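Nothing in this text is a laboratory measurement; each read-out follows from the coordinates by a stated rule. Because the structure is a prediction, the values reported are computed rather than measured. Here Cβ is always computed from backbone atoms with ideal geometry, including for glycine, and neighbour counts include all displayed protein chains.
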Amino acid sequence: MFSYVDLEARIPKSHPIRKIRKIIDEALSQIEPLFNEAYADKGRPSIPPEMLLKASLLQILFTIRSERQLCERIDFDLMFRWFIGLGMDDAVWNHSTFTKTVTVS
């Protein structure tokens, strides 16, 4: 089955989340070199920290109580997928990713 959903078209032009995403993208672009330095050249590819930070921001903005609930919401909410940068068919990571990221840092 093919998906022709354009996530960009699904978010209303006047929705406040568009302004928030623009601000966040600009801020993250400034610290992207620091993220790139932290990546290893070898090993399994990791989830981009920008996506995890955006997801955490959504958790705060929408008062989602746990990472498990956040991942469930990302899985079915098109606006969340758009904000984070996930495509319509992209898999959502496991909720334990947040815990692992925090404990390793």
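Of all the listed residues (Gly87, Gly43), the sole one being on the phi > 0 side of the Ramachandran plot, surrounded by fewer than 13 Cβ atoms within 10 Å (Cβ to Cβ) and not aromatic (Phe, Trp, Tyr) is Gly43.
Against the condition without any contact (Cβ under 8 Å) to a residue 12 or more places away in the chain and under 13 Å from the mean Cα position of the chain (by Cα), how does Ala55 come out, does it pass?
Numbers: without any contact (Cβ under 8 Å) to a residue 12 or more places away in the chain: no; under 13 Å from the mean Cα position of the chain (by Cα): yes.
Against the criterion (without any contact (Cβ under 8 Å) to a residue 12 or more places away in the chain and under 13 Å from the mean Cα position of the chain (by Cα)), Ala55 does not qualify.
Hey, could you check segment 46-72 for residues that are among the small types (Gly, Ala, Ser) and under 16 Å from Ile24 (Cβ atoms) and say which is surrounded by the fewest Cβ atoms within 10 Å (Cβ to Cβ)?
It comes out as Ser56.
If the condition is being within 21 Å of Met88 (Cα to Cα) and of a type in the set (Asp, Glu), then segment 3-27 contributes Asp6, Glu8, Asp25.
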